[in-house]
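Asker: Okay, here's the structure, questions in a sec.
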Amino acid sequence: MAHDEKSLAPSCSDHAITEVTSVEPDWTAEEERKLVRKIDLYLLPALWIMSLLSWMDRAKYAPHITTARFQLTSPSLGNAAIAGLLTDLSLTSSQFSFAIVTYSFGYIAWVPITNIVLSRTRPSIYLPLTMALWGAVTIGLGFVKTYPQLIGLRTLLGAFEASLPVGVTFLFSCWYTGAELGKRSSMFLTSAMVGGAFGSLIAGGVMKNLEGARGIRGWRWLYIVEGIVTVFASVVAMFVLLDYPATSPRLTERERRIAVRRLKVQGIVVEEKGKRISVKKSLVLAFRNWRTYAIAVAASLVSATLVQAYFYPLLVRGLGYTDPVEAQFMTVPLWVVAFFFAAVAGFFCDRKPLWRAISITGLLGLLSVFAIVTCNVYDFKARYVLLAFMTGGVWGGFSQSMAYIAELFQPVPPEVRGITMGVMSFAGHTGSIYGAYLFPAENAPKHLLGFGMVAGSGAVAAIVFFAIWWVDTRPKILAGREKRGHRSNSRSAAPPGGLPMRYEDVTLGDKPMFDDIIDKYQGAMDEPLLDLNNTETLRHDF
């Protein structure tokens, strides 16, 4: 069914948004708090576990590169390789390295498309389905006999796992306001931190205890066990995850009404049953706007700095902890620091959401400064402390960049929002590919190439985020201050919970986001994209 284009007016008219934000809420602050807690209960635990299982799989395959041809180091390889995968399949190190890279091929091929599908289906079905498929592929990896089989399954694994991270960012943008996204993004990313800190140790324990059981090698058991757990978790997630605010059957009718209206009050365009715009129009709106490309560049640079997480065991060993198990344990404090920075950034940015991009700029700037200092300090203990601060900067910045991207595109239709996030994730993963070359073992222990590139990537990413804030947000802050200066003391009450009327008071300049595109391309399609002069439909809709 075609989308009722007029109902999209909240993102495209100053007058329309003012009409929405001036409506007196018909729910209490306590009702909204209870609803947000219920949303958290349904979404966060399930998505956290799904992400943890995905990151634990990646922990097995962290590539430790010694040359541009992906030659592998010895005890720091993926656990499966150490436990016999290379010898059982008669693989060379170059073949195994290529098997690692094929994951990215599948990931990059599907990630631009997955949110187009997700925005037109039920998240409670689509995300668990892709999880069940990657679990089945993981089980299949436990039975591979040849190199081509390994390549094929690794490619499929990348494609199926691509749906989760970008899907979570999209789903958060559909349920939470700008003042709620930061903490949830940080909380979600703790799954990556736990997976990174303990994934290899847990995998090693599984292989050690099941080696030879029923005549099956330990590395095969690792895949089989992880795959079974993943499939089981996907079945549970199907009965837990929410769909969209207007359509989720796990909420009551009143809860759905509040969930939709509290977002509309903030100027967020909400998916409504039977109403959507075409893929063609979604693509036009997404790719005709400079913000899409700016965010893609920023995501690629941030991912290049994030890839250092795969090399923590290698970097720690280079700092003097030569025992593999000891080196793995010494990475745990780095993840603890990452958790602290991400948590603090999330709470602060949710209190000051309009300054989220500035916070990201500061965190990435901190990362760059400590990376530069690390290039000139060779004392092991000092380098370990510097690496901890680098970890905090990159994970704090990464967690809030997820929230910022979700928030930046909330005033546009969900179909457009999903595409922009797919582009962002595509660009981000390409950054992780070239980032995999940054820490060759032959450069140990100084790793000047790696730390230098991390410093440069972090600095440029910080500049890009600051530029987006300066061009997009700062004028709207100034316009909002001027508007408030001329407003009488009889100003409309803020929404429940005391959140600022962001899209009325602050973020509107002469025109809200994407109006420039809509004005320019109004006549570019077979039918009008939006009726910018009609707010009666909006009032009725609201």
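Asker: Could you look through segment 363-390, keep only residues that are modelled with pLDDT of 90 or more and not hydrophobic (A, V, I, L, M, F, W, C), and pick out the one that is nearest to ILE295 (Cα to Cα)?
Answerer: Filtering segment 363-390 for residues that are modelled with pLDDT of 90 or more and not hydrophobic (A, V, I, L, M, F, W, C), the one nearest to ILE295 (Cα to Cα) comes out as GLY365.
Asker: What pairs come out if I take residues in segment 418-443 that are closer than 29 Å to VAL316 by Cα and of a type in the set (Ser, Thr, Tyr) and pair them with residues that are open to solvent by 50 Å² or more (accessible area, probe 1.4 Å) and at pLDDT below 75 whose C-beta lies under 7 Å away, six or more apart or interchain?
Answerer: The qualifying pairs are TYR437/ALA68.
Asker: Taking VAL166 as meeting all but one of (1) modelled with pLDDT under 90; (2) under 25 Å from GLN308 (Cβ atoms), write down the number of the exception.
Answerer: Failed condition: (1).
Asker: If you scan segment 205-232, which residues turn out to be part of a helix (DSSP H, G or I), open to solvent by 20 Å² or more (accessible area, probe 1.4 Å), within 22 Å of GLY140 (Cβ to Cβ) and small (Gly, Ala, Ser)?
Answerer: ALA213, GLY215
Asker: Another one. Do you know which residues across segment 270-284 are open to solvent by 10 Å² or more (accessible area, probe 1.4 Å) and in contact with a Ser or Thr (Cβ under 9 Å, 6 or more places away or on another chain)?
Answerer: GLU271, GLU272, LYS273, LYS275, ARG276, listed by residue number.
Asker: Please indicate, with yes or no, whether at least one residue in segment 138-146 is touching a residue at least 12 places away in the same chain (Cβ under 8 Å), open to solvent by 50 Å² or more (accessible area, probe 1.4 Å) and in a helix (DSSP H, G or I).
Answerer: No, segment 138-146 has no match at all.
Asker: Taking segment 444-459 as the search range and keeping residues that are out of contact with any Ser or Thr (no Cβ under 6 Å at 6 or more places or on another chain) and buried (at least 16 other Cβ atoms within 10 Å of the Cβ), which one is modelled with the lowest pLDDT?
Answerer: ALA444
Asker: If the Cβ limit is 8 Å and pairs must be 6+ apart or interchain, which residue in segment 210-222 that is over 17 Å from MET56 (Cβ atoms) pairs with which residue that is modelled with pLDDT under 80 and part of a loop (DSSP other than H, G, I, E, B)?
Answerer: Partner pairs satisfying both residue conditions: ARG217/GLU211.
Asker: Mind checking which residues of segment 330-356 are open to solvent by less than 20 Å² (accessible area, probe 1.4 Å), under 29 Å from LEU449 (Cβ atoms) and either part of a helix (DSSP H, G or I) or hydrophobic (A, V, I, L, M, F, W, C) (or both)?
Answerer: Hits for segment 330-356 are LEU334, TRP335, ALA338, ALA342, ALA345.
Asker: Condition first: in contact (Cβ under 8 Å) with a residue 60 or more places away in the chain, more than 24 Å from the chain's Cα centre (by Cα), at positive phi and assigned to a loop (DSSP other than H, G, I, E, B). Can you find one or more residues in segment 270-285 that meet it?
Answerer: yes
Asker: Same structure again: Where residues in segment 116-130 are in a helix (DSSP H, G or I) and in contact with an Asp or Glu (Cβ under 9 Å, 6 or more places away or on another chain), which of them is farthest from GLN410 (Cα to Cα)?
Answerer: The extreme case among them is THR130.
Asker: Further, regarding this structure: Could you list, in sequence order, all residues of segment 202-227 that are of a type in the set (A, V, I, L, M) and within 25 Å of the chain's Cα centre (by Cα)?
Answerer: Passing the criteria: ILE202, ALA203.
The values are calculated or read from the model by the stated rules, or taken from the named source; none is laboratory data. From a predicted model like this one, the values you see are computed outputs, not experimental measurements. All Cβ positions, even for glycine, are placed from backbone atoms using ideal geometry, and neighbour counts span all protein chains on display. SASA here: full protein model, heavy atoms, side chains in, ligands and nucleic acids out. Shrake-Rupley method; radii C 1.70, N 1.55, O 1.52, S 1.80 Å.
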